[in-house]
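These notes concern the structure reproduced below.
The values are calculated or read from the model by the stated rules, or taken from the named source; none is laboratory data. Bear in mind that the values here come from a model prediction, so they are computed numbers and not experimental data. We place every Cβ from the backbone using ideal geometry, glycine too, and count neighbours over all the protein chains shown. Accessible surface is based on the protein model in full, side chains and every heavy atom, while ligands, DNA and RNA are left aside. Shrake-Rupley method; radii C 1.70, N 1.55, O 1.52, S 1.80 Å.
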Amino acid sequence: MAETRRRGEALEAAIVEAVWAELAESGYAGLTVGAVAERARTSKAVLYRRWPGRAALVIAALAQHAPSVDDVPDTGNLRDDLLALLRTVVAGVSARSIDALWGLLAETARDPELAALVRAKLDELQRAGPAAAVIERAVRRGEVDAARVTPRLLRLAPDLLRSELLLYGEVTDAAIVEIVDDVVLPLAGV
């Protein structure tokens, strides 16, 4: 069953695609490491060497589909950068990513190690993710006072998007504009 020729990025891409296919077919609750391994034409041992279980696999798949710092537009001002970033995030959301988020949240309530893993991934995105890059550029342009940039500010827009997705199953453009104009920009002092 194991395919020894694929390694590195090619194997990881096959695994991430298998995770998405399994989420679409079985949902988070039905996803198993064995099914992902079979679909990716590799072994469970290969998966367990990289990820401790299905939750870590799903986190990796979600992270792979999220915008990267390189995807963040530089429009020249914080408001337009934030709007573009949040719209890019929302454009990439699907029913299976919402199901994956719900599944992860449910599992984190029962599994302290998983909760720590999810927090670590979110902290990493907070420090070095696209929202941080947008705010850092605004600081360099002089739009935002660096003293106002707190970990909470860096987390705010992604946290509010996630909340909208989980509560309503979608994020409207009006909600994106409200998040930016009514919450993030005032807290950033803009």
The one condition in (1) touching a Pro at 6+ places or on another chain (Cβ under 7 Å); (2) open to solvent by 10 Å² or more (accessible area, probe 1.4 Å); (3) assigned to a helix (DSSP H, G or I) that Pro67 fails to fulfil: (3)
Test: residue in segment 119-132 that is in a helix (DSSP H, G or I), closer than 17 Å to Val171 by Cβ and not hydroxyl-bearing (Ser, Thr, Tyr): yes
Residue satisfying condition, being open to solvent by 40 Å² or more (accessible area, probe 1.4 Å), closer than 25 Å to Arg54 by Cβ and over 13 Å from the mean Cα position of the chain (by Cα), within set Arg152, Arg110: Arg110
The lone exception for Gly169 - which of (1) modelled with pLDDT of 90 or more; (2) at positive phi it fails: (1)
Residues (open to solvent by 70 Å² or more (accessible area, probe 1.4 Å), modelled with pLDDT of 80 or more and under 16 Å from the mean Cα position of the chain (by Cα)) located in segment 72-101: Arg87, Ala91
Conditions (1) in a helix (DSSP H, G or I); (2) at pLDDT below 90; number of the one not met by Ala175: (2)
Evaluation of Val134 against (1) more than 24 Å from Ser68 (Cβ to Cβ); (2) surrounded by 19 or more Cβ atoms within 10 Å (Cβ to Cβ) (one fails), failing number: (1)
Members of segment 155-182 found to be surrounded by fewer than 17 Cβ atoms within 10 Å (Cβ to Cβ), under 20 Å from Leu122 (Cα atoms) and not hydroxyl-bearing (Ser, Thr, Tyr), listed by number: Asp159, Leu166, Leu167
